[in-house]
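The values are calculated or read from the model by the stated rules, or taken from the named source; none is laboratory data. All values reported here derive from a predicted model rather than from experimental measurement. With ideal geometry, Cβ positions are generated from the backbone for all residues, glycine too; neighbour counts draw on all protein chains shown. Quick note on the areas: whole protein, heavy atoms, side chains included, nothing else; ligands and nucleic acids left out. Shrake-Rupley method; radii C 1.70, N 1.55, O 1.52, S 1.80 Å.
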Amino acid sequence: MNIILLGPPGAGKGTQAQRLEKTYKIVQISTGDMLRARKKAGDALGQELSSIMAAGNLVPDVLIIRMLAERIEQPDAANGFILDGFPRTVPQAEALDAMLVSKDLKLAAVIELKVDEEELVQRIAGRYSCAKCGSGYHDLYQKPEKTGVCDKCGATEFIRREDDKPEAVRNRLKVYHDQTAPILPYYTAKGLLQTVDGMAPIDDVSHAIESLLKKVA
Ligand code: AP5
């Protein structure tokens, strides 16, 4: 099963993708995580990515499309994937269609998580993740079971993202409205778009996605 999770920064795409990965035994492909890993190389491309992402802008389509094409070739994606953060522009959506056709693959659903802007800002402000395994947490909504210890890997170091600073968040929201929201009608026209209330508690959002997937998968 191949799924796209769409929604503005902080909508819960990563949170839900991590859960879907476990439930359906399909792999989460987060272009944001891939870019953050690539940045760490510290070479010229890494530095360029750092400044684009810190400002909350999108990296060029040509680069991200190539990265995604290579990623879905990996053996762990053979059973299916959840795209989290891709596509983000109409050219990316068109490129994905071409990749799927060439591999004789189909999308089961494109799921939009709808969340009010005020809530998004609050979620991003409280977000942090495990420095070792990347598991996501929130100061108020998703605390580790034992304070200061990652539920998944037991690590005790956590990090906050550079692009979660208020100015970058404002720009990321603007970029979402200007460049990513236009792909919603693209998938509506294909009969694939399903909208879920992303304002609900995390477990309720997961249940809504699962019941929707039962109908289409
Ligand atoms: P990316 O990493 O994809 O970031 P994003 O889309 O801005 O999304 P976020 O990761 O901020 O939020 P999310 O929806 O995953 O929410 P989360 O689950 O963490 O991209 C970063 C950058 O990389 C981009 O700005 C761009 O520069 C570049 N990039 C990436 N892909 C690209 C592409 N395709 N093309 C070009 N450039 C690209 O949840 C947020 C918080 O809320 C968490 O703390 C969570 O615990 C909490 N939470 C989640 N759900 C709920 C709920 N239902 N109720 C209460 N709290 C909740």
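Of the helices (runs of 4 or more DSSP H) lying entirely inside region 50-156, the ones with 1 or more residues being at pLDDT 95 or above and over 23 Å from ASP178 (Cα atoms) are found at 61-72, 90-103. Pairs are defined by a Cβ separation below 8 Å, a sequence spacing of at least 6 or placement on different chains, a first member in region 12-31 that is part of a helix (DSSP H, G or I), and a second member that is within 10 Å of the ligand (Cβ to nearest atom) and basic (Lys, Arg); the pairs so defined are THR31/ARG88. Kindly indicate whether GLU48 is surrounded by fewer than 18 Cβ atoms within 10 Å (Cβ to Cβ), within 13 Å of the ligand (Cβ to nearest atom), of a type outside the set (Val, Ile, Thr) and closer than 24 Å to TYR128 by Cβ. So GLU48 fails the test. Just one of (1) farther than 25 Å from ASN2 by Cβ; (2) under 16 Å from the mean Cα position of the chain (by Cα); (3) small (Gly, Ala, Ser) fails for GLY126. It is (2). Between a first residue in region 179-193 that is open to solvent by 80 Å² or more (accessible area, probe 1.4 Å) and a second residue that is among the charged types (D, E, K, R), which pairs have beta carbons less than 8 Å apart while being 6 or more apart in sequence or on different chains? As it stands, the answer is GLN179/ARG88, since those pairs meet every condition given.
Restricted to region 51-92, and to residues there that are closer than 18 Å to LEU105 by Cα and polar (S, T, N, Q), the residue that is least open to solvent (accessible area, probe 1.4 Å) is GLN92.
When restricted to residues that are in a loop (DSSP other than H, G, I, E, B) and in contact with a Phe, Trp or Tyr (Cβ under 9 Å, 6 or more places away or on another chain), region 157-177 contains 2.
Can you tell me how many residues in region 7-25 are under 23 Å from GLU94 (Cα atoms) and either open to solvent by 40 Å² or more (accessible area, probe 1.4 Å) or in contact with a Leu (Cβ under 7 Å, 6 or more places away or on another chain) (or both)? Outline the logic, then answer.
Kept after step one, since they are under 23 Å from GLU94 (Cα atoms), are these residues of region 7-25: 7-9, 13-14, 17.
Still in the list and also either open to solvent by 40 Å² or more (accessible area, probe 1.4 Å) or in contact with a Leu (Cβ under 7 Å, 6 or more places away or on another chain) (or both): 7-9, 13, 17.
Number satisfying all stated conditions: 5.
If you go through region 196-213 and pick out every residue that is open to solvent by 80 Å² or more (accessible area, probe 1.4 Å) and either among the β-branched types (Val, Ile, Thr) or over 20 Å from GLY12 (Cβ atoms) (or both), you end up with 0. Hey, could you check region 157-210 for residues that are within 9 Å of the ligand (Cβ to nearest atom) and of a type in the set (Val, Ile, Thr) and say which is nearest to ALA108 (Cα to Cα)? Out of the qualifying residues, it is VAL205.
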